[in-house]
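The values are calculated or read from the model by the stated rules, or taken from the named source; none is laboratory data. Only a predicted model underlies this, so the values are computations on that prediction, with no experimental measurement involved. Methodologically, a virtual Cβ is constructed for each residue, glycine included, from the backbone with ideal geometry; neighbour enumeration extends over all protein chains shown.
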Amino acid sequence: MRPRTVLAIGATGSVGVPVVAEALRQGYRVRALIQDSGRAGRRALGAESVVGDLPRSGTLVAAVDGVDAVVFTHGSHGGPGQAPAMR
């Protein structure tokens, strides 16, 4: 049986980085969706990177191809001043 593959959305963020590391530790194959290829180095070693942008669905086709599950850890891009607007 092949290892299960998960797509991690938000893989380079403060929540995503440890989530990806734990998934890898548990034996999952991880594909990390990153918006900017320059941030690929922030993902855990061993995770595959795929560039995509959530609002542009056409960029997600390659990201979801062959995955068994999606882990969504993507947060907001706003700072503390935007928190009240999100409630």
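Whenever a residue of segment 2-17 is within 11 Å of Phe72 (Cβ to Cβ), its partners that are of a type in the set (Phe, Trp, Tyr) and not in a strand (DSSP E or B), lying with C-beta atoms within less than 6 angstrom and at least six residues away or across chains, give the pairs Val6/Tyr28.
Considering segment 53-65, the residues that are in a loop (DSSP other than H, G, I, E, B) and modelled with pLDDT under 90 include one that is surrounded by the fewest Cβ atoms within 10 Å (Cβ to Cβ), namely Pro55.
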